[in-house]
Amino acid sequence: MALAAGTVWECRTAGNANGAGGFVAGTGTDRSQQDAVQTSFTDLVIGVTTTELTSAAFPFGATDVGNIIKITAGTGFTVGYYQVVSVSVVTATMDRSVGTGGSTGGTGFLGGASGVIDAIVDVVVAGNTVWVKAGTYSETVSIPGTDGGNGTPIILEGYNATRGDNPLGANRPLIEGADVRANNITVIDANGWVIKHFVVQNATGAGILQSAGAAGDLMFINVRSTSNTTFGFDLSRDTILLGCEADSNSSDGFKMVNERNYKIISCYSHDNTGEGIQNSSGSFDAYNSVSESNADSGFETGGAGSSMFAYNCVAYNNTGAANSGFLAGTATNLSAVENIFINNSSSSNGQYAFNLSGGTDVTNYFDFNNYFGHTTELNNITAGDNDTGDADPLFTNPATGNFTLQATSPCLNTGLDASTYIANVTV
């Protein structure tokens, strides 16, 4: 056996380093959603069957079923997290062997929220959910090589006061690097994880790092990565980012490498010292995203055969003198490469609004776009028949991040409806 797929975990700053933090719904009582450990054992005994535990001081009862015990010491015990599957009289049957038959003097803790996120993500299995209550966590969270399954992802989700309250802004849990810890969240080699509702900041490396050997198939939702020494998000495998923000980082906001399946949806990258959103050696798709006030290009691809799909995006005030709002930097002229730009606006960037630096042999679909405030708006790109042309889009208040359109904007009611061209995107 193993920990149950339906196990739900709890982390909170008021929790305990020894808090077992997990529960699977059933006949027992959930002890994970409390700050204090429910029971501290020092006299655990392993029965003849190595999945059985007893305690003279604290006999097990029916309310313990479904809870996790964290075993930390004891002769013949294997330290780790175990689940109470059933209780008969005062003997608890665990989800798997806890050590050597007849061993005594086991130390363990039942119930109580964990005070350390990283301790829990190390032991989860496919189908588990880890809830993290708002507060400041001074640690590095390393996502291990444990995969979520098809239809049973592993979910790491922040909340403010009540599980599932979908917090915004400062109501999200904060993982604080404090300028001494590298990479607030590191994904080592894992598939099928969903990471939602966090702020990460002040890492000595990237806020989010997906290591080069990582497998992929990740989703980040409503995650802000800010004020890190290198990148906001440093990604290397298939990833979907939905409603994420990267700002004030000392390099690119969203950095990707390799030809992977990257989707940037409703994201915001601003005030970074590098590119806003870029793949230096491959492609990406961007939908409904804004890249503004970065020191380099707003949206950029690079490398032989790379391409960009941009729909309903805004590049504004990206100020690098030799950089552009949208830069498709294919290394060579390749007629098989297709860049697609629909319903985008590029204003007041350092060089071009839209720049196809690889040359005119690259196949493009370019239409329904707006461009304004550049000496030369288009480089190696033919204007679309339905562009609004060189016209101020009249954003409501871009200085405060409000890129809605004023009532007199020339861009109102001029775009191509998504259903006309783009297939549905499943996230």
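The values are calculated or read from the model by the stated rules, or taken from the named source; none is laboratory data. As the structure is a prediction and not an experimental result, all values here were calculated from the model. Neighbour counts are summed over all protein chains in view; Cβ atoms, including those assigned to glycine, are modelled from backbone coordinates with ideal geometry. Just so you know, the surface numbers come from the protein's heavy atoms only, side chains and all, with ligands and any DNA or RNA stripped out. Shrake-Rupley method; radii C 1.70, N 1.55, O 1.52, S 1.80 Å.
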### Query
If ligands, DNA and RNA are left out, what is the accessible area of Leu378 with a 1.4 Å probe, given in Å² to the nearest 10?
40 Å²
## Note on the structure
With all protein chains present, the chain has a carbon and sulfur share of its accessible area (1.4 Å probe) in percent of 49 percent
### Query
Projected onto the charge dipole of the chain (+1 at Lys/Arg Cβ, -1 at Asp/Glu Cβ, origin at the Cα centre), which of Asn317, Leu378, Gly99 gives the Cα projection farthest towards the positive end?
Gly99
### Message
I want to verify a result. In a Gaussian network model of the chain, Cα cutoff 10 Å, which of these has the top mean-square fluctuation: Asn364, Asn344, Asn317?
### Response
Asn364
### Message
For region 46-105, what does the relative contact order come out to in percent, with C-alpha contacts under 8 Å and a separation of six or more?
### Response
44 percent
### Summary
Which residues qualify? For Asp165, with a placed amide H closer than 5 Å and at least 5 residues away or on another chain, they are Asn160
## Note on the structure
The set of residues whose placed amide H lies less than 5 Å from the amide H of Ala286, leaving out same-chain residues fewer than 5 positions away, is Ile264, Phe309, Ala310, Tyr311
#### Entry: Antiparallel DSSP beta bridges within the chain, percent to nearest 5
20 percent
### Query
Each label point is 7 Å from the Cα along the Cα-to-Cβ direction; what then is the distance between the points at Asp385 and Gln33, in nm?
5.9 nm
#### Entry: the chain: relative contact order as a whole-number percent, Cα under 8 Å and 6+ apart
8 percent
### Summary
With all protein chains present and a 1.4 Å probe, the order of Trp131, Trp9 from largest accessible area down is Trp131, Trp9
### Message
Considering all projection directions equally, how large on average is the shadow of the alpha-carbon convex hull of region 59-177, in square nanometres?
### Response
9.5 nm²
#### Entry: Two-decimal log10 I(q)/I(0) for the chain, as the Debye equation yields it once each C-alpha is a single scatterer, q = 0.08 Å⁻¹
-0.52
### Query
With the chain treated as a Gaussian network of Cα nodes joined by springs under 10 Å, which of Arg163, Arg260, Arg172 yields the largest mean-square fluctuation?
Arg163
### Task
Obtain the nm distance between the two label points defined at Ser97 and Val48 by a simple spin-label model: each point lies 7 Å from its Cα along the Cα-to-C-beta direction.
1.7 nm
### Query
Per residue, how much accessible area does the chain show when a 1.4 Å probe rolls over the protein heavy atoms, in square angstrom?
37 Å²
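Rounded to two decimal places and with Rh computed the Kirkwood way over Cα pairs, what is Rg over Rh for region 48-112? Walk me through the intermediate numbers first.
Details: Rg = 10.4 Å, Rh = 11.5 Å.
Looking at region 48-112, the ratio lands at 0.90.
Compute the orientation-averaged projected area for region 14-65 from the convex hull of its Cα atoms and round it to one decimal in nm².
For the Cα atoms of region 14-65, the hull's average projected area reads 4.2 nm².
Write down Rg/Rh for region 195-354, rounded to two decimals, with Rg from the C-alpha atoms and Rh from the Kirkwood relation over Cα pairs.
0.94
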### Query
Tell me, in nm to one decimal, what length is gained between Ala5 and Ser138 on full extension, where the rule is 0.36 nm per residue of separation less the Cα-Cα distance?
45.0 nm
### Query
Gaussian network model of the chain, Cα springs within a sub-10 Å range: biggest mean-square fluctuation belongs to which of Gly108, Gly253, Gly298?
Gly108
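To the nearest 20 debye, what charge dipole does the chain have about its Cα centre, counting +1 at the Cβ of each Lys and Arg and -1 at the Cβ of each Asp and Glu?
So the dipole magnitude of the chain works out to roughly 1240 debye.
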### Query
Around Gly66, with a cut-off of 12 angstrom between Cβ atoms, what is the net charge of the other residues, counting Lys and Arg +1 and Asp and Glu -1?
-2
## Note on the structure
Dipole check, the chain, charges on Cβ (K,R +1; D,E -1), about Cα centroid: among Gly164, Leu241, Gly274 the Cα furthest to the positive pole belongs to Gly164
### Electrostatic dipole magnitude of region 1-119 [Cβ: Lys, Arg +1; Asp, Glu -1; Cα centre; debye, to 20]
60 debye
### Message
Semi-axes of the equivalent ellipsoid for region 161-211, please: Cα gyration tensor eigenvalues, times 5, square-rooted, ordered largest first, whole Å.
### Response
21, 17, 6
